[in-house]
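First up is the structure itself, then whatever we jot down about it.
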Amino acid sequence: MKKVVSKSSIMIAGLLLLCSCGSTNTIMVGQARPATSPDAVRIYNAPPRHYERIAIINSSSGPTWAFTTHGQMEDAIAKIREEAAKVGANGVLIEATGTTSSGNLGIGVGGFGVGGGHHSGYAVGGEGGFGAPILHKTAQATAIYVR
């Protein structure tokens with residue numbers, strides 16, 4: 001038995017992929033403090049005069065298709081502030097920002113077929129298809145406690 005998946009189903013699946021969340025990774029390098037509020041975490045582009053390092057935080061925005069936006073960087077920084085607040089930081093020192101690719105997404109104008117059974121396959125094809133890279137904004141920062 002063969003089912004045909006509509007073009008709108010493919011578009012909805014693609015949109016769900018693009019709306020997925022980014023990721024955050026925290027590496028402790030100092031003593032954690034009591035949690036604070038993300039709103040209380042100040043962003044520093046240069047080291048303040050007196051501070052203690054608490055953690056290194058890497059963050060990535062959710063994916064977008066073919067181009068990145070300023071909002072994606074704001075999302076990555078917001079995730080860093082949230083993680084910094086969890087470990088008791090009152091500041092984050094931004095060390096690096098960038099854009100990474102996590103592959104490509106292509107859609108063809110042809111059809112999409114799904115077969116049943118042990119030897120079924122998936123195919124997307126047709127004329128007039130297009131593809132683009134999936135991009136993420138990334139940021140690395142050090143969670144700090146400013147005295």
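List of remarks:
- Qualifying residue in the stretch 19-28 (condition: of a type in the set (A, V, I, L, M), out of contact with any Leu (no Cβ under 6 Å at 6 or more places or on another chain) and modelled with pLDDT of 55 or more): yes
- Scanning the stretch 78-92 for residues that are more than 10 Å from Ile57 (Cα to Cα) and either surrounded by 20 or more Cβ atoms within 10 Å (Cβ to Cβ) or of a type outside the set (A, V, I, L, M, F, W, C) (or both) turns up Glu82, Lys86, Val87, Gly88, Ala89, Asn90, Gly91.
- In the stretch 22-58, the residues that are among the β-branched types (Val, Ile, Thr) and surrounded by 15 or more Cβ atoms within 10 Å (Cβ to Cβ): Thr24, Thr26, Thr36, Val41, Ile54, Ile56, Ile57
- The number of residues in the stretch 126-147 that are hydroxyl-bearing (Ser, Thr, Tyr) and either at pLDDT below 65 or over 16 Å from Thr24 (Cα atoms) (or both) comes to 1.
The values are calculated or read from the model by the stated rules, or taken from the named source; none is laboratory data. Not measured: the values here are computed from a predicted model. Neighbour counts run over all protein chains shown; Cβ positions are idealised from the backbone, glycine included.
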